[in-house]
Structure formats: C-alpha cells, structure tokens
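S.K.: Take a look at the following structure, please.
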C-alpha cells in the first residue's frame, strides 16, 4: 500500500511540475500551436502509460491536429478523421473522457481501430480540452500496449487538462488585453503626430482644423500613403533645421 501511495505521489509531483513549466511557457509564448506542442511533450512525460500525444481541435465542424509528438501520432489522428470516428473525435464532440483498449475500440469504432492497429496502437485516452471561447477539442494519449490506460491515468490527465485550460484561458485573456493596450498606445501616437501636422497646416495656410485635416487626408490619398506616415514625414520636414 505504501508503495502504491508513493507511486501516486510521484506522479502527482510530475504533473505539478509539468503545469509549472506550462505556466512559464504561457508567459513567454503567444503562438497557440507552439504552446500545444509543449503540452503534448509534457503530458507524455507525466503519464507513464502514454507513448504518443496529440491535440485535436474542431473548427467549423472539421477536425484537425493542432500539435503532435511525432509523425506517427499524426497518422493515428488522420486515421480517425478519415474514418469519421475515434476517441479524440468522441471526446471533443461529447466533452467526455474516452478511455478504451483496442478490443473495445474495435467494437465502437471499427474503421478507425483497424487503421490504429496497423499503426501499432493498442490503447486510447482522450480528454476534452477547451482552447478558448470559440474552439474546443481534445488532448489525446495513445499507448502501444493494450492496457487501455488506468483510472489513475485518466485522473491525472483530468487534473492536467483542467489546470491547463485555466492557465491557457488566463494567458490568452492577458495577451488580448496587452494587444489592446498596444493598439491604443499606437493609436494615441498616431493621433499626436497627425495633430502636429494638422497644426502646421493650419498655421501655414491659415485654415480651420477641419480644413487642415481634409488637406492631409487628400494628400495621403493622392500619394497612396497612410495618414500617419504622411503626417510623420510632414512634421519632420517642417521641423528640420535649415542647413
């Protein structure tokens, strides 16, 4: 019993460490595919019975693999997509865990199971994965043995995916907020330089603010240049010291 408890605690430590590493990746990385690639590599290390891992995402009713541990894993995923059945699709669509061995898979998804057997896969464990408000999918584990994965494997994968979803959601909200702040900052800078250019036009041509802005817009269209770029060039030219 003590050895069993120690084994569970060691697995929990591995999962906790993987989640800590994932949190750092989320802080440094913005590309979703790169993040999911790290998730696949982490979860294979965290779940001892897993040999391969992938992430399936459903987009506009179609399934595709967003990340995978190797090309062999991608072939297993594609076998499901071509057959239109399998644990990853079932988990993504039903939002329920799928834990099956090769025998049960042959009964539930015969076309996929035949292809997976040819590819040397005997066990399947897929967990639903919410990527963001728009997309959902599944985190898939494949084993070359016919153990069918254990309940502990499913529990650990559930712990990982739950925490990963929360961390991913927080990270994506933070990144959206940061992009909005950057866009606002850029807009404020654009407004400032356009106002400077407008002020110069008003002083030189003795026109109103609206007329000066119209003159700048007309010139930007004539030269096929962005208004901000034109304004920056105009201000630079007007404020450049005479040689």
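Any read-out appearing in this document is the output of simple, stated calculations on the displayed coordinates, not a laboratory observation. Fair warning: this is a prediction, and the values are worked out from it, not measured in the lab. Using ideal geometry, Cβ is built from the backbone for each residue, glycine included, and neighbour counts are taken over all protein chains shown.
S.K.: Computed over the Cα atoms of region 189-230, what is the ratio Rg over Rh, Rh following Kirkwood?
M.R.: 0.95
S.K.: Got a sec? How would 218, 49 order by Cβ neighbour count within 10 Å, fewest to most?
M.R.: Least to most surrounded, the residues fall as 218, 49.
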